[in-house]
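Every number in this text was worked out from the coordinates using simple rules, so none of it is lab data. Small disclaimer: the values here were computed from a predicted structure and weren't measured. All Cβ positions, glycine included, derive from the backbone under ideal geometry; neighbour counts span all protein chains shown.
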Amino acid sequence: MKTADRLFLRYVPIESALSSYGFTEREDGFFFHTPVLSGDFELQVIICDKKVIARLIDTAYGDEYGRVDEEGEVGGFVASLKEECEKILIDLRTRCFKKVCFIHPQTNRICDKIVEKYHSLPEFLWDSDPDYGVFRNQATEKWFGIVMNVKWDRLVKGVAGTVEVINVKSDRVPELLTENGIYPAYHMNKKHWVSVVLNDTIKDEILSELIEESYLLSK
């Protein structure tokens, strides 16, 4: 269900809360199901690698009922199905999930480290780009990092999809650009900044060193 993609964006599960909610653990992740519209349908939820997959099953036929994924205005029956499924998913999110600042797990790990070490919370400054989070040196007010969710082809021509990056400042830009996962800075001065992808291509330890260097340059 596309509704699940929307509702659980920037939310991660609290695994200790799942079993008490009614989830069972299986090889493919955590599984939960509940009747919808007096049992005519069943909402199935799988949580695998922190991703939420929701399917609405027509119990009379055992097939997935795809009309709930239709976009735009729908008839009253389908609308009521959507509404009930969304209420269930919101309750699940409230009781078993926590909100995070960014999408990719590595991005949130790095964010937590920045907050702990530099006491800098991400600032979301632009309504037009709500995914862009700035980290600022609290003493000088200068930026030392900015996280962005960008299209891949802004970094590598012809690559589809999106990726989260962090822009950091460095005195070693030519050297860093030889590394896999580090690119000329998107939307910033390419002589002094680089964009580092946050998809586990670069180890957390290396990222921490790059952020430390950027922070020192912001002093």
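Miscellaneous remarks
- Full-stretch length increase - Glu175, Glu70 - with 0.36 nm per residue and alpha-carbon distance subtracted: 32.9 nm
- Karplus-derived 3J(HN,Hα), 6.51/-1.76/1.60, for each residue of the range 111-123, Hz, glycine and proline x: 4, 4, 5, 5, 4, 5, 8, 10, 6, 10, 7, x, 9
- Judged by the gyration tensor of its Cα atoms, with axes a ≥ b ≥ c, the range 102-184 is oblate; a/c meets the 1.5 cut and b/c is at least as large as a/b.
- Arranged from fewest to most other beta-carbon atoms within 10 Å of their beta carbon, Phe124, Phe31, Phe135 become Phe124, Phe31, Phe135.
- Evaluated on the range 36-121, the Kirkwood hydrodynamic radius is 15.6 Å, with distances taken between all distinct Cα atoms.
- Footprinting exposure proxy for His192, His104 (fewest neighbouring C-beta atoms within 10 Å first): His192, His104
- Computing Kirkwood radius over Cα pairs in Å for the structure here picks out one of (1) 19.8; (2) 17.6; (3) 18.1, namely (1).
- Annotation: for a label point projected 7 angstrom from Cα along Cα→Cβ of Ala17, no residues of the range 43-58 have a backbone N closer than 13 Å.
- Using the Cβ-Cβ distance between Ser128 and Glu27 with R0 set to 30 Å, the FRET efficiency works out to roughly 0.10.
- For the listed residue pairs Lys142/Lys190; Lys169/Lys203; Lys113/Lys142; Lys117/Lys142; Lys51/Lys99; Lys50/Lys203, the alpha carbons are within 25 angstrom of each other in every case.
- Per-residue Cβ neighbour rank within 10 angstrom, fewest leading, Trp126, Trp152, Trp193: Trp126, Trp152, Trp193
- Residues whose amide H lies under 5 Å from that of Phe97, counting only those 5 or more places away or on a different chain, are Ile14; hydrogens are built 1.01 Å from N in the peptide plane.
- Each residue of the range 188-204 is assigned a 3J(HN,Hα), and the resulting list reads 9, 4, 6, 7, 10, 10, 10, 9, 10, 6, 10, 10, 6, 5, 9, 5, 4 Hz, derived from the Karplus form 6.51 cos²θ - 1.76 cosθ + 1.60 (θ = phi - 60°), x at Gly and Pro.
- Mean Cα-pair separation over length for the chain, i.e. relative contact order, pairs under 8 Å, 6 or more apart, %: 14
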